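Just below is one structure, and these are the notes that go with it.
The values are calculated or read from the model by the stated rules, or taken from the named source; none is laboratory data. For clarity, every value in this text was computed on a predicted model and none was experimentally measured. Positions of Cβ are backbone-derived with ideal geometry, glycine not excepted, and every protein chain shown enters the neighbour counts. Ligands, DNA and RNA are stripped out before the accessible areas are found, and what is left, the full protein with its side chains, is counted by its heavy atoms. Shrake-Rupley method; radii C 1.70, N 1.55, O 1.52, S 1.80 Å.
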Amino acid sequence: MTISTRRATTTRPIRRLASVAAALVILSQTFGDAAAHGPDPVLGGGPFGQNQDLRFRWRAGSEPTAAIKTAIKAAAADANATRASKAATFTYDAAGSNPIGYGVGATCGVNGIACFTRTVPTGFTMWLREQGHVFDWGTLKWCQAYASPPTGCYDAETVALDEFGHVEVLGHHGNYADDSDYLDAVVQTYSRTKPAAGWNMHTFGRCDVATLQRQYDMQTWTAKYSTCLDLSTDLTLSASPVSIPRGGTTTLTATLKVVDYDSYVRLGGNPIAGRAVSLQRRAPGTATWAVVGTMSAGAASGTYVLAQSLQSDMEYRTVFKTPADEGINGDTSPTVRVYVGYCTAIVGVSDVIDAPCI
Ligand SMILES: [Zn+2]
């Protein structure tokens, strides 16, 4: 698609650094009003394929300078390393089908210092304006163009990472009015210049990652969910066998999944493995739960097991506490009762047929 850029003054007030007359500029398109905070909005056209390898080359006749090439390649590596999902990857390849250009041929909008197009599933294009490009707010300075980058320069690696994020599917993050959550995303309407916080951000932020995870899914079932997400989980429990002889053993199996809401896109129903799920028990008719222990990983992803040997009936439940370091919520399973009797133990033992049974 073609990127159109509206003048910054027509969209929202330009917030300027005190010492820099025009520190903040629209990087490319503005994507409408996103909900404040939360995961980045998504662009039209949908995601690329999971782990699709998008190969880029330099646009013939509009090749970046050596320093800008290095920055763009670094941004591609940043995207690949910090996507925390099966988002598409970016790889430089002289024979790649996706051109990245630099210079006066840039087709960005009037205030855009960089821009992109994306066409799923085919590919993308990207442009960065040339060093010294004159905007009505001032002259573009790429930090990479200097041995000692001056105040007010734009980091081309950060700006290219914003563009790679757009190519994936990300729209600009909706910040709080005071921008206190600016560092939650590198995909921002307004890029910052040196030395404002975030000017040289070289990773996707947690709210960029949240949307990449929803759109592309997790790399593994043990991987952490972005703290910018707020996903409900479902924890269930079963006992096998549910009835055992006195002194016999049953295995409690818990299953932990992400609840399958449509709004979770690809994350709904995911097994959640490698977490701390604890088993609790109580005698039937009592109120207080006692912790038995942490359950072990079961054979299937997202299952947890613990064997129990019992002398009398017991009730069990499992608890997954809300973790502090990821965006999934805890859950407690329904209660399961295990019955203890004698019948199974006496099968084939004819001289104890008077043993009590339940
Ligand atoms: Zn942008």
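State whether the residues of segment 190-197 include one that is under 23 Å from Leu231 (Cβ atoms) and within 15 Å of the ligand (Cβ to nearest atom). No; the residues of segment 190-197 include none that is under 23 Å from Leu231 (Cβ atoms) and within 15 Å of the ligand (Cβ to nearest atom). Going through (1) at pLDDT below 95; (2) within 16 Å of the ligand (Cβ to nearest atom); (3) of a type outside the set (A, V, I, L, M, F, W, C) one by one, Pro39 falls short only on (1). Scanning segment 112-152 for residues that are part of a strand (DSSP E or B) and touching a Pro at 6+ places or on another chain (Cβ under 7 Å) gives Thr125, Leu128. Residues in segment 165-206 that are touching a Ser or Thr at 6+ places or on another chain (Cβ under 7 Å), more than 25 Å from Pro121 (Cβ to Cβ) and of a type outside the set (A, V, I, L, M): Thr189, Ser191, Lys194, Pro195, Trp199, Asn200, His202, Thr203, Arg206. Reported count of residues in segment 103-136, each being more than 30 Å from Gln50 (Cα to Cα) and in contact with a helix residue (DSSP H, G or I) (Cβ under 7 Å, 6 or more places away or on another chain), is 2. Determine whether segment 66-79 contains at least one residue that is of a type in the set (S, T, N, Q), touching a helix residue (DSSP H, G or I) at 6+ places or on another chain (Cβ under 8 Å) and within 16 Å of the ligand (Cβ to nearest atom). Looking through segment 66-79, none of the residues is of a type in the set (S, T, N, Q), touching a helix residue (DSSP H, G or I) at 6+ places or on another chain (Cβ under 8 Å) and within 16 Å of the ligand (Cβ to nearest atom).
The residues of segment 273-296 that are among the small types (Gly, Ala, Ser) and part of a loop (DSSP other than H, G, I, E, B), listed by number, are Ala273, Gly274, Ala276, Ala283, Gly285, Ala287.
Glu157 passes every criterion in (1) part of a loop (DSSP other than H, G, I, E, B); (2) open to solvent by 10 Å² or more (accessible area, probe 1.4 Å); (3) within 15 Å of the ligand (Cβ to nearest atom); (4) not polar (S, T, N, Q) apart from (1). Against the list (1) free of Cβ contacts under 8 Å to residues at least 24 places away in the same chain; (2) under 20 Å from Val209 (Cα atoms), the condition Glu163 fails is (1). Selection of first residues in segment 280-296 that are without any contact (Cβ under 8 Å) to a residue 40 or more places away in the chain and under 17 Å from Ser312 (Cβ atoms) and of second residues that are open to solvent by less than 40 Å² (accessible area, probe 1.4 Å) and assigned to a loop (DSSP other than H, G, I, E, B), restricted to Cβ pairs under 8 Å at least 6 apart or on distinct chains, gives the following pairs, ordered by first then second residue: Ala283/Asp313.
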